[in-house]
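The values are calculated or read from the model by the stated rules, or taken from the named source; none is laboratory data. Keep in mind it's a predicted model, so treat the numbers as computed, not measured. Cβ placement follows ideal geometry from the backbone for every residue including glycine, while neighbour counts extend to all protein chains displayed. Ligands, DNA and RNA are excluded from the accessible area calculation, which covers all protein heavy atoms including side chains. Shrake-Rupley method; radii C 1.70, N 1.55, O 1.52, S 1.80 Å.
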Amino acid sequence: MDDLVQFLRDRNMADNHAYAEVAHHFGGDALLGSHLPMLDLVDMLARDYEAMNPADARHAGLAYALKVLAQSYAEHPHYRQEWRP
């Protein structure tokens, strides 16, 4: 799961940079406002997963949520099939 969390963090960073670049070129603060909450959610879930005791019953639920979120990157060359929920 550590690899999945890192994969999501890497995608999150790349997406943040891409959205910022588009907003910069087009002057679209509204564009940033419409996408960044989802990226923030990914980051929050990843942090919570890493901090949570694996014995906590919610840990498995967070792992599943991260797998679902990662599925949107299934076409990315670094996505692994074992991450499918």
>> Step by step: first the residues of the stretch 14-30, then only those that are farther than 29 Å from H78 by Cα, touching a helix residue (DSSP H, G or I) at 6+ places or on another chain (Cβ under 9 Å) and open to solvent by 60 Å² or more (accessible area, probe 1.4 Å), then the one that is modelled with the lowest pLDDT. Which residue is that?
In response: A30
>> Scan the stretch 56-78 and tell me whether some residue there is among the aromatic types (F, W, Y) and open to solvent by 30 Å² or more (accessible area, probe 1.4 Å).
In response: yes
> Which pairs do you get when a residue that is closer than 15 Å to P85 by Cβ, found in the stretch 51-71, comes within reach of a residue that is of a type in the set (V, I, T), reach meaning Cβ atoms under 7 angstrom, with the pair 6+ apart or on two chains?
Replying inline: L66/V5; L69/V42
> When you go through L8, L36 one by one, which is the residue that is under 16 Å from the mean Cα position of the chain (by Cα) and at pLDDT 85 or above?
Replying inline: L8
